[in-house]
Amino acid sequence: MPLKNLKNKEILLASKSPRRKQLLKDVGFDFEIINSKEVDEIIPNNIYNEDVAIYLAELKANTYKDIINKKNILITADTIVCLGNKILGKPKNYKDAFNMLKSLSGKMHKVITGVTIMSIKKTKSFSSTTYVFFKEMSDFEIDFYINNYKPFDKAGAYGIQEWIGLTCIKKIEGSYFNVMGLPVEKLYEVLKEF
């Protein structure tokens, strides 16, 4: 455990994302995965896009309030992709993924991850935003990516750590790991003070 203040704590990660698990492991944390509960991700109409990821991370965390004890620290996260005012979720099928990637082609979009850290005594939430710039992608490249990488579990229909990130992203401004689904640099700093 790289943080002294968490030495006697059990970290619980409520996530199905293999990328979040790997990132938290790579930072050196000992943690237990707990099954992510299904929540109705109904977003209120009066909420800004920038606040949606935090809202969803808090929504997820609140479903675990009854199981947290004084030794636990719970971490939940949610990542959204915003193109202008539109939020791109996880694609339902090939056509949906193709249309999402076609809309991102040649443009800048934002990836926002909301994180909630909860103990029996307190809750802290924060978000991280990264600006991602895609080059123009051909239909062939989009088709190749979807057929070979099946990005149906990823917001915006892509994973930056995969082929599309290696070949089709011109630049990013902000945290690379945030685009993968967990801004570990910021999480580490927040956990230091938690």
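Note down the net charge around Gly84, summing +1 for each Lys or Arg and -1 for each Asp or Glu among other residues with Cβ under 14 Å from its Cβ.
Combined, the nearby Lys, Arg, Asp and Glu give +2.
Ranking request for peptides 115-122, 77-84, 158-165, 7-14: highest mean number of other beta-carbon atoms within 10 Å first, then the rest in descending order.
Output ranking for 115-122, 77-84, 158-165, 7-14: 77-84, 158-165, 115-122, 7-14.
Residues with beta-carbon under 12 Å from that of Asn8, excluding Asn8: net charge, scoring Lys, Arg +1 and Asp, Glu -1?
+3
Roughly speaking, what is the centre-to-centre gap between the stretch 159-194 and the stretch 71-127 when only Cα atoms are used, to the nearest Å?
12
Evaluate the Debye formula for the stretch 126-194 with equal point scatterers sitting on the alpha carbons, no solvent, and hand back log10 of I(q)/I(0) at q = 0.16, 0.19, 0.24, 0.27 Å⁻¹, in q order, two decimals.
Summing over Cα pairs of the stretch 126-194 leads to -0.60, -0.78, -1.07, -1.25.
Above 23 Å lies some portion of the pair distances; for the chain, what is it as a whole percent of all C-alpha pairs? Kindly include the intermediate steps, with their values, before the conclusion.
On the way: 8073 of 18721 pairs.
It works out to 43 percent of all Cα pairs.
Name the residues whose placed amide hydrogens come within less than 5 Å of the amide hydrogen of Glu10, ignoring near sequence neighbours (fewer than 5 apart) on the same chain.
Counting only residues 5 or more places away or on other chains, the set is Asn72, Ile73.
Please list, in chain and number order, the residues 5+ apart from Gly106 or on another chain whose amide H is under 5 Å from its amide H, with Hs placed from the backbone.
Result for Gly106 returns Phe134, Lys135, Glu136, Met137.
Taking only DSSP H segments of four or more residues, each worth -39500 (n - 2.57), what value at 222 nm results for the chain once the sum is divided by all its residues, to the nearest 500 deg cm²/dmol?
When only DSSP H runs of four or more count, the value is -10000 deg cm²/dmol.
In the neighborhood of Thr167, defined by Cβ-to-Cβ distances under 10 Å, what is the net charge if each Lys or Arg adds +1 and each Asp or Glu adds -1?
With Lys, Arg at +1 and Asp, Glu at -1, the net is -1.
Among DSSP beta bridges lying fully in the stretch 4-193, give the percent that are antiparallel, nearest 5.
Numbers: 27 of 35 bridges.
Approximately 75 percent, going by the DSSP bridge assignments.
Note down the Stokes-Einstein diffusion coefficient of the stretch 59-157 in µm²/s, whole number, using a Kirkwood radius over alpha carbon pairs, 25 °C, and 0.890 mPa s. Show your work: numbers first, answer last.
On the way: Rh = 15.3 Å.
Translational D for this selection: 160 µm²/s.
Values in this text are rule-based calculations from the coordinates and carry no lab data. Given the structure is predicted, the values throughout are model-derived calculations rather than measurements. For neighbour counting, all protein chains shown are included, and Cβ atoms are generated from backbone atoms with ideal geometry for every residue, glycine included.
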